[in-house]
1. Compute the acute angle (0 to 90°) between the alpha-carbon long axis of helix 153-173 and the principal axis of greatest extent of the alpha-carbon atoms of the chain; round to the nearest 10°.
2. Between residue 65 and residue 1, what length in nm is gained on full extension when 0.36 nm per residue of separation is reduced by their alpha carbon distance?
3. Let's test the formula: R0 of 30 Å, r as the Cβ-Cβ distance of residue 126 and residue 223. What FRET efficiency results, to the nearest 0.05?
4. May I ask you to compute the full-extension gain from residue 52 to residue 153, defined as 0.36 nm times their residue separation minus their alpha-carbon distance, rounded to one decimal in nm?
5. Expressed as an acute angle from 0 to 90° and rounded to the nearest 10, what is the orientation of the C-alpha long axis of helix 117-131 relative to the principal long axis of the chain?
6. For the stretch 27-115, just list the percent of Cα-Cα distances falling in each 10 Å bin from zero outward, please.
7. Could you give the semi-axes, largest first, of the ellipsoid that matches the stretch 7-249, computed as the square roots of 5 times the alpha carbon gyration tensor eigenvalues and rounded to whole Å?
8. For helix 39-49, report the angle its Cα long axis makes with the longest principal axis of the Cα atoms of the chain; keep it between 0 and 90° and round to the nearest 10°.
Ligand SMILES: NC(=O)c1ccc[n+]([C@@H]2O[C@H](COP(=O)([O-])OP(=O)(O)OC[C@H]3O[C@@H](n4cnc5c(N)ncnc54)[C@H](O)[C@@H]3O)[C@@H](O)[C@H]2O)c1
């Protein structure tokens, strides 16, 4: 897929799936702006992907802070006036016991995974609408459809809400040539997943719930994301594509098998 002359924002691009997306977009000709709360890591990643800094740069972004979202957009100017692609990868997860979950923990997950994702998209899609072209991809999760084995109440709910947010945004933005789709991965081997597994043997045990017989690597998810980023997916909008090795065909999403 060619992305020559396209400009893309990848949130959460310092590590994991976002990093793999940023790399693939740059390798395919795009200029990528990484927005991440871990500024040092994001700068390291941008330099690793494209050492000249011409086509991959990192900017501070805390999706849980509305002022930070505005500052991020301002720091991108004038480039932020012509963003063709927005990949909303940034997200957090934490083990949460149903009876112990606090309102503060709930708000933190929702603020980053849902509220921040919406308000950044709202602001960026305005320019896309004026340009009559745009591609927005949200990172939901297979746990939007089936609760995780280890309780993650607010995470699962935030990811389910992203499925509906994708539809709402898609409907609003379709007349302007902007598509909005979502990818719903099962367990992907990144830092986000590792926190649920105490040792590599437990991680291996997670494979038992996946018909394809292995956990995903970030690159497995990137292919689906890049398709939705491409011009050729222009007649598809409002969808959520599971990328989970068949995990949804069986009973549980295998975060932290106990
Ligand atoms: N890894 C999985 O198993 C899995 C499964 C389903 C969905 N997902 C989703 O995919 C996305 C990427 O996850 P990943 O596995 O690559 O995780 P990751 O932890 O490797 O990467 C997440 C990135 O988001 C950044 N981030 C965290 N809080 C932020 C904030 N407030 N503002 C801006 N950036 C912030 C982190 O610094 C990090 O670079 C997330 O939305 C996650 O929920 C992951």
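Computed from the coordinates by the stated procedures, all read-outs in this text should not be read as laboratory data. As the structure is a prediction and not an experimental result, all values here were calculated from the model. Virtual Cβ from ideal backbone geometry, glycine too; neighbours counted across all protein chains shown.
1. Its long axis makes an angle of about 30 degrees.
2. Here the answer is 19.6 nm.
3. In this case the efficiency is close to 0.55.
4. Fully extending the segment from residue 52 to residue 153 adds 32.1 nm.
5. The helix 117-131 is inclined about 30 degrees to the chain.
6. Result, from short to long distances: 15, 41, 28, 12, 3, 0 percent.
7. Each semi-axis is the square root of five times an eigenvalue, giving 27, 19, 19 Å.
8. Once rounded, one gets 70 degrees.
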